[in-house]
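Data block below; observations after.
The values are calculated or read from the model by the stated rules, or taken from the named source; none is laboratory data. Please read these numbers as outputs of a predicted model, since none were measured by experiment. Ideal geometry is used to build each Cβ from the backbone, glycine not excepted, and the neighbour counts take in all protein chains shown.
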Amino acid sequence: MMTTKYELHLKEFLEPLKYNDGCSEAYFLLNYQLLKTEYDKSGLLIHRFSFGEIALQFMKTIDASYFQQDLLSESEIRQSIDYIANELLENSIKYSDTTATRIKLEVKVTTQTITVTSTNVISQNRANIFFDYIRKLKSSNPSELYIEQLEQRLSDNNKSGLGLLSMINDYKAEINWKFTSIEHIHKILSHVIVRFPIQST
């Protein structure tokens, strides 16, 4: 199968990921149809477990003295991971192609950063919308764009893009996107990669 890769590497937000101090990771393959049904009924997800709690256990495995360092507290780390994972999961549910069967969430932990990645199948039209949004984000000030999106949400209840901007502004997150064409089904595999530091400021 031939694939074509579209990489939009926004250096303003993300340098190549480097794991110098060891890395621990987990993958979650989630049933898209079940999540979509739940989301359509209530407009929100009922979270049955904490991605953040799992990541904390990984951190302790990598380095037992983790929390003797100048890091965010356990509750801050748990809350940050849960927020980012849940935002990515919600976006994946809203924007996945109707033929999708799985959504993949990945959490990677190092002694310096935590990275959360979502992977899902989208249509070419949805990919084009994402390309336009990424170009806008690349050419704009994230803080100003965040305020603009907040004002737009108040006027028309449009939340599009607000979660990603919140990650950048509130969590000091760096975001990268990668798109791969799945030619035999004419769909796009979308990866959204969010990395944030765990040092306290």
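Tabulated data for the structure shown
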{"read-out": "Qualifying residue in the range 143-165 (condition: surrounded by 16 or more Cβ atoms within 10 Å (Cβ to Cβ), over 22 Å from Lys36 (Cβ atoms) and either touching an Asp or Glu at 6+ places or on another chain (Cβ under 7 Å) or in contact (Cβ under 8 Å) with a residue 60 or more places away in the chain (or both))", "value": "no"}
{"read-out": "The listed residue being hydroxyl-bearing (Ser, Thr, Tyr), surrounded by fewer than 20 Cβ atoms within 10 Å (Cβ to Cβ), on the phi < 0 side of the Ramachandran plot and at pLDDT 90 or above, out of Thr201, Thr119, Thr101", "value": "Thr101"}
